[in-house]
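Undergrad: Mind having a look at this structure? Questions to follow.
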Amino acid sequence: MPPTDYGTVRAPDFPAGLQWLNTPRPLSLRNLRGKFVLLDFWTFCCINCMHVLPDLKRLEHKYPDELVVIGVHSAKFANEQQTESIRNAILRYQIEHPVVNDHAFEVWQHYAVRAWPTLFLIDPKGYIVGKMSGEGVFAPFDEALKQLIPIFEAEGALDRTPLTTRLEHEDAPEQMLSFPGKIAGDEASGRLFISDSNHHRLLITDLDGCVQAQIGRGDAGLDDGAFDEATFRQPQGVYFDAATETLYVADTENHALRRVDLRARQVETLAGNGAQARFGTTRAKGPASPLNSPWDVLLHRDAKGRARLYVAMAGPHQLWVFDPETGKGEIYAGDGRENIVDGKRLDAQLAQPSGLASDGAFLYFADSETSALRRVPFGKAKGAVETLVGQGLFEFGDIDGRYPDARLQHPLGVAFGGGLVYVADSYNHKIKRYDPADGVLTSFLGAGRQGYRDGGRAEAQFNEPGGLAVVVGTLFIADTNNHQIRAADLETGRVRTLPIAEKPPAAATLDAAPRLDAQTVAPGDGLLTLDIVLPGGFAPNDLNTGAVSARSADAAVARPATDGPHPIAYPTTLPFTFDEGETEITLDGTIYYCDKANGHCLLEPVTLRLPLRVEAGAAAGAVVRLEVASQE
């Protein structure tokens with residue numbers, strides 16, 4: 001750089017009508033004259049695109065007045081075409097430059113792009129002066145800018161006026177969880193282990209969501225030590241080994257594996273030094289060796305009791321295996337080329353493996369970029385990788401059935417329980433299950449559209465679920481973009497939200513619930529209105545306002561018109577059918593609300609008892625007023 005045809009190829013401008021993010025208004029190259037512009041063609045599923053983001057941030061910070069980075073999001077998957085999905089990716093990966101949704105590939109075609117990521121450098125006069133595909137983009141573009149900035153400055157063609165932005169995170173409320181990635185569980189101790197990824201920490205809760213411990217200070221870093229001293233950087237996979245009371249962690253953005261001694265309450269680095277390993281790396285020798293985006297972990301003991309830690313190494317499209325004592329590791333499956341090719345372990349081709357599960361004989365993995373569910377046997381030198389669902393890098397959909405017809409869309413998590421493999425079909429916003437006995441994939445949970453709703457298996461809604469764990473007849477789900485942990489009964493399929501709280505929820509028994517003054521209503525159809533008054537300075541949580549359900553001691557006198565929880569509104573109206581007599585209505589729910597001043601969010605478990613008489617001549621419905629007390 002600069003190329004020999006410098007100054008001769010005019011950069012095509014952006015088409016009108018596209019949706020923009022991280023900026024108060026659409027941008028045009030014409031209006032950016034005087035700035036160097038770096039276009040990053042990306043799609044948020046792509047691990048290589050994720051690897052480029054730190055380099056872009058370095059360039060933005062080094063040249064804040066001379067350079068404007070613009071992400072051109074040209075989606076691979078159907079789910080990625082949605083602007084709201086891109087907004088979540090911007091928040092998740094903390095992107096601070098403008099992004100345009102190139103959903104129809106218009107900009108992509110104007111620049112004749114062929115792969116993600118591809119970057120173009122445009123000079124202050126609007127001409128293309130450099131192009132690069134792949135990773136490792138900081139050094140070449142840094143060198144080009146160091147050469148070109150003095151030239152355009154001498155010509156008086158450089159404009160250092162700061163660009164006005166409006167970042168998506170400015171409007172995002174604070175949550176108890178932030179993009180939780182993975183989850184593990186232990187039936188014997190009744191605990192869940194949650195990777196609270198964007199809070200750079202791990203949480204240990206009981207099976208009701210009460211937080212028992214936080215591991216990590218909560219700021220990004222790579223520090224070992226006690227729970228309140230250690231740091232992580234967007235951790236993903238977690239695996240609990242009950243035999244040693246040890247938690248293994250895929251510390252993804254640190255390119256490291258961490259080990260947590262729960263008895264001593266200490267964190268140490270097992271492998272990885274914080275740097276990304278080069279493609280083609282075949283071995284790791286402990287904390288001194290770089291790794292490449294480990295996304296999930298699973299410990300397996302063979303027939304002789306020898307433990308080995310298996311890792312979904314998303315960056316090089318491989319599975320690795322490590323000695324959990326020494327941190328020494330090597331490739332277990334995958335030759336490093338991104339594709340879907342079965343065969344001998346080290347000859348097979350994988351595509352961004354992101355989730356692991358085991359039935360004791362096989363290691364199952366979600367191979368996300370090929371929208372595949374695959375497996376490989378443990379410990380067999382000549383063992384082969386086998387595809388159970390999936391056909392190719394661009395073959396995806398939402399189809400139940402058997403191979404080769406069944407389809408997923410970018411699955412990120414798997415769990416094994418009761419002889420079935422549960423799959424977080426992330427971009428279909430569903431949970432599916434695969435039966436190894438007959439090879440059938442079926443939809444289990446989710447309406448198949450992005451959203452947030454509890455209820456029956458077909459009506460429940462998720463938003464890119466990424467992690468799963470089966471514990472005591474319950475499937476726990478890291479519902480990543482909803483910032484929630486969901487729990488589904490494996491027998492009934494009913495889904496509820498687990499209230500993650502730093503103190504036990506208030507008792508919900510009838511004896512402990514406050515009893516309100518009795519009210520009288522008329523027979524027939526009517527509404528029970530719950531009027532919720534929040535403390536001064538607080539507002540409902542935009543992402544999850546909570547839910548409330550109602551039940552009657554005598555269904556012949558008062559019958560709820562619909563089953564299940566109702567989303568909280570202000571006020572919340574619950575339809576009933578009333579007949580003459582007396583009963584008692586019980587309202588159960590959880591209210592989520594936030595401090596408008598500092599964004600700190602709270603939850604309030606609520607149980608109320610309302611004695612009710614139904615008789616002719618009374619009002620058509622009843623109003624229950626709930627004043628939420630200040631928690632100062």
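The values are calculated or read from the model by the stated rules, or taken from the named source; none is laboratory data. Please read these numbers as outputs of a predicted model, since none were measured by experiment. Don't worry about glycine lacking a Cβ; one is built from the backbone with ideal geometry, like all the others, and counts go over all protein chains shown. Keep in mind that these areas ignore ligands, DNA and RNA; they rest on the heavy atoms of the full protein, side chains included. Shrake-Rupley method; radii C 1.70, N 1.55, O 1.52, S 1.80 Å.
Undergrad: Percent of alpha carbon pairs in the range 125-269 separated by more than 23 Å?
TA: Details: 5481 of 10440 pairs.
Summing the P(r) of the range 125-269 above 23 Å gives 52 percent of all pairs.
Undergrad: While we're looking at this one, here's another question. Of Lys344/Lys432; Lys304/Lys380; Lys57/Lys125; Lys57/Lys596; Lys125/Lys146; Lys328/Lys382, which pairs sit farther than 19 Å apart, going by alpha carbon to alpha carbon?
TA: Working: Lys344/Lys432 28 Å; Lys304/Lys380 14 Å; Lys57/Lys125 23 Å; Lys57/Lys596 30 Å; Lys125/Lys146 17 Å; Lys328/Lys382 21 Å.
From the list (Lys344/Lys432; Lys304/Lys380; Lys57/Lys125; Lys57/Lys596; Lys125/Lys146; Lys328/Lys382), the Cα-Cα distance tops 19 Å for Lys344/Lys432; Lys57/Lys125; Lys57/Lys596; Lys328/Lys382.
Undergrad: Between helix 47-62 and the chain, what is the angle of the helix's C-alpha long axis to the longest principal axis, kept within 0 to 90° and rounded to the nearest 10?
TA: 70 degrees
Undergrad: Please give me the summed charge of the neighbours of Leu148: other residues whose Cβ is under 13 Å from its Cβ, Lys and Arg +1, Asp and Glu -1.
TA: Values: positive: Lys35, Lys125, Lys146; negative: Glu66, Asp123, Asp142, Glu143, Glu153, Glu155.
After counting each charged neighbour, the total is -3.
Undergrad: Please calculate how many Å² of accessible area the range 116-219 carries per residue, with a 1.4 Å probe and no DNA, RNA or ligand atoms counted. Don't jump to the answer; show the numbers that get you there.
TA: On the way: 4040 Å² over 104 residues.
That works out to 39 Å² per residue.
Undergrad: Please list, ordered by chain and number, the residues whose modelled amide H lies under 5 Å from the amide H of Gly524; skip anything fewer than 5 residues away on the same chain.
TA: Excluding prolines and chain starts, which carry no amide H, the hits are Phe578, Asp579.
Undergrad: Please go through the range 15-114 and write out the trypsin sites (Lys or Arg not before Pro) that DSSP classes as loop and that have at most 16 other C-beta atoms within 10 Å. Walk me through the numbers on the way to the answer.
TA: On the way: sites: Arg30, Arg33, Lys35, Lys57, Arg58, Lys62, Lys76, Arg87, Arg92, Arg114; in loops: Arg33, Lys35, Lys76, Arg114.
Passing sites in the range 15-114 are Arg33, Arg114.
Undergrad: May I ask what percent, to the nearest 5, of DSSP beta bridges between residues of the range 1-156 are antiparallel? Display every interim value, and only then the final one.
TA: Working: 14 of 24 bridges.
Around 60 percent antiparallel, to the nearest 5.
Undergrad: Which of the three applies to the range 13-122, rounded, prolate or oblate, going by the alpha-carbon gyration tensor with a ≥ b ≥ c and a/c under 1.5 meaning rounded? Don't skip to the end; give the middle numbers.
TA: Values: a/c = 1.40, a/b = 1.17, b/c = 1.20.
Rounded shape, in that the Cα axes give a/c under 1.5.
Undergrad: What ³J(HN,Hα) values, in whole Hz, does the Karplus curve 6.51 cos²θ - 1.76 cosθ + 1.60 give for the range 193-204 when θ = phi - 60°, with x put for Gly and Pro?
TA: Values, residue by residue: 10, 10, 8, 8, 4, 7, 9, 6, 8, 10, 10, 10 Hz.
Undergrad: If you don't mind, there's one more thing I want to ask. What figure, in Å² to the nearest 10, do you get for the accessible area of Arg337 with a 1.4 Å probe and non-protein molecules left out?
TA: Per-residue accessible area (Arg337): approximately 140 Å².
Undergrad: So for each of 243-249, 490-496 I average, over its residues, the number of other beta carbons within 10 Å; can you give me the resulting order with the highest mean first?
TA: 243-249, 490-496
Undergrad: Write down the percent of antiparallel bridges among all DSSP beta bridges whose residues are both part of the chain, to the nearest 5.
TA: Working: 154 of 179 bridges.
Here the antiparallel bridges make up roughly 85 percent for the chain.
Undergrad: Could you state the accessible area per residue of the range 336-441 in Å², with a 1.4 Å probe and every protein chain left in place? Don't skip to the end; give the middle numbers.
TA: Values: 3700 Å² over 106 residues.
Spelled out: the 1.4 Å probe surface of the range 336-441, per residue, equals 35 Å².
Undergrad: At what distance in nm do the modelled label points of Arg613 and Gln266 sit from each other, each positioned 7 Å from its Cα along Cα→Cβ?
TA: 6.9 nm
Undergrad: What angle do you read, to the nearest 10 degrees and between 0 and 90, between the alpha-carbon axis of helix 83-92 and the longest principal axis of the chain?
TA: 80 degrees
Undergrad: Could I ask something else about it? How much of the accessible area of the range 251-305, probe 1.4 Å, is carbon plus sulfur, in whole percent?
TA: Numbers: 1180 of 2570 Å².
Its accessible area is 46 percent carbon and sulfur atoms.
Undergrad: Which of the trypsin sites (Lys or Arg not before Pro) across the range 382-449 are loop residues per DSSP, with 14 or fewer other Cβ within 10 Å? Before the final figure, lay out the partial values.
TA: On the way: sites: Lys382, Arg402, Arg407, Lys430, Lys432, Arg433, Arg449; in loops: Lys382, Arg449.
Passing sites in the range 382-449 are Lys382, Arg449.
Undergrad: In deg cm²/dmol, rounded to 500, what helix-only [θ] at 222 nm does the chain give when every DSSP H run of at least 4 residues adds -39500 (n - 2.57) and the total is split over its residues? Mind dumping the intermediate values first?
TA: Numbers: 4 runs with 48 residues, N = 632.
Calculated from helices alone, the mean residue ellipticity at 222 nm is -2500 deg cm²/dmol.
Undergrad: Report the extension gain between Glu174 and Ala226 in nm, rounded to one decimal, defined as 0.36 nm multiplied by the number of residues separating them, less their alpha carbon distance.
TA: On the way: separation 52, 0.36 × 52 = 18.72 nm, distance 2.58 nm.
Fully extending the segment from Glu174 to Ala226 adds 16.1 nm.
Undergrad: Given axes a ≥ b ≥ c from the Cα gyration tensor, I'd like to know whether the range 216-283 is rounded (a/c under 1.5), prolate (a/b larger than b/c) or oblate. Mind showing how you got there, number by number?
TA: On the way: a/c = 2.25, a/b = 1.40, b/c = 1.61.
Taking the square roots of the gyration eigenvalues as a ≥ b ≥ c, the range 216-283 is oblate.
Undergrad: Near the amide H of Leu299, under 5 Å away, which other amide H atoms are found, from residues 5 or more places off or on another chain, if H is placed in the peptide plane?
TA: Tyr310
Undergrad: Further question: Can you figure out the FRET efficiency of Asp159 with Arg25, using R₀ = 30 Å and their beta-carbon distance, to the nearest 0.05? Show your work: numbers first, answer last.
TA: On the way: r = 18 Å, r/R0 = 0.59.
It comes out at approximately 0.95.
Undergrad: While we're on this one: In whole Hz, with x marking every Gly and Pro, tabulate ³J(HN,Hα) for the range 406-421 from phi via Karplus 6.51 cos²θ - 1.76 cosθ + 1.60, θ = phi - 60°.
TA: Taking θ as phi minus 60°, the curve returns 4, 9, 10, 9, 6, x, 10, x, 9, 8, 10, x, x, x, 10, 9 Hz for the range 406-421.
Undergrad: Taking amide H positions as placed in the peptide plane 1.01 Å from N, state which residues far from Ala275 in sequence (5 or more) or on other chains have amide H under 5 Å from it.
TA: So Ala275 has HN proximity to Leu291.
Undergrad: Kindly express, to the nearest 10 degrees and within the range 0 to 90, the angle between helix 138-154's C-alpha long axis and the longest C-alpha principal axis of the chain.
TA: Around 70 degrees separate the two axes.
Undergrad: Let me ask something else about it. If R0 is 51 Å, what FRET efficiency do you get for Val623 and Gln212 from their C-beta distance, rounded to 0.05? Before the final figure, lay out each step's value.
TA: Numbers: r = 39 Å, r/R0 = 0.77.
It comes out at approximately 0.85.
Undergrad: Label the range 296-367 by shape, choosing from rounded, prolate and oblate, from the square roots a ≥ b ≥ c of the eigenvalues of the Cα gyration tensor; if a/c is under 1.5 it is rounded, and otherwise prolate applies when a/b is larger than b/c, oblate when it is not. Before the final figure, lay out each step's value.
TA: Values: a/c = 1.86, a/b = 1.59, b/c = 1.17.
Cα axes put the range 296-367 in the prolate bin.
Undergrad: Where a Cα-Cα gap under 26 Å defines reach, which lysines qualify for Lys430, not counting those fewer than 8 residues away within the same chain?
TA: Of all the lysines, those that pass the test against Lys430 - Cα under 26 Å, at least 8 places apart if same chain - are Lys76, Lys182.
Undergrad: Another question, then. I need the peptides 78-84, 97-103 ranked by packing, meaning the mean over residues of other C-beta atoms within 10 angstrom, with the highest value on top.
TA: Numbers: 78-84: 16.7, 97-103: 22.9.
In descending order of packing, they fall as 97-103, 78-84.
Undergrad: Still on this structure, please answer the following. Report the percentage of all Cα-Cα pairs in the chain whose separation exceeds 33 Å, rounded to a whole percent.
TA: Numbers: 101445 of 199396 pairs.
The answer is 51 percent, as a whole percent.
Undergrad: For the range 451-460, what does the Karplus curve 6.51 cos²θ - 1.76 cosθ + 1.60, with θ = phi - 60°, yield as ³J(HN,Hα) per residue in whole Hz, taken in order and with x for Gly and Pro?
TA: Going residue by residue, I get x, 9, 7, 8, x, x, 4, 8, 9, 4 Hz, with x marking Gly and Pro.
Undergrad: Round to the nearest 0.05 the FRET efficiency obtained for Arg306 and Ala112 when R0 = 45 Å and r is the Cβ-Cβ distance. Spell out each step's value before the answer.
TA: Working: r = 53 Å, r/R0 = 1.17.
In this case the efficiency is close to 0.30.
Undergrad: Ranked highest first by the average count of other Cβ atoms within 10 Å around their residues, in what order do 287-299, 340-352 fall? Don't skip to the answer; put the middle values down first.
TA: Details: 287-299: 22.4, 340-352: 19.1.
Top of the packing list down: 287-299, 340-352.
Undergrad: While we're on this one: Could you work out the pair-distance distribution P(r) of the range 317-435 from its alpha-carbon pairs, with 5 angstrom bin width and percents rounded to whole numbers?
TA: For the range 317-435, the pair-distance distribution reads 2, 13, 24, 25, 20, 11, 4, 2, 0.
Undergrad: Looking at the range 244-337, send over the antiparallel percent of its DSSP beta bridges, to the nearest 5. Provide the component values of the computation, followed by the final result.
TA: On the way: 30 of 31 bridges.
Here the antiparallel bridges make up roughly 95 percent for the range 244-337.
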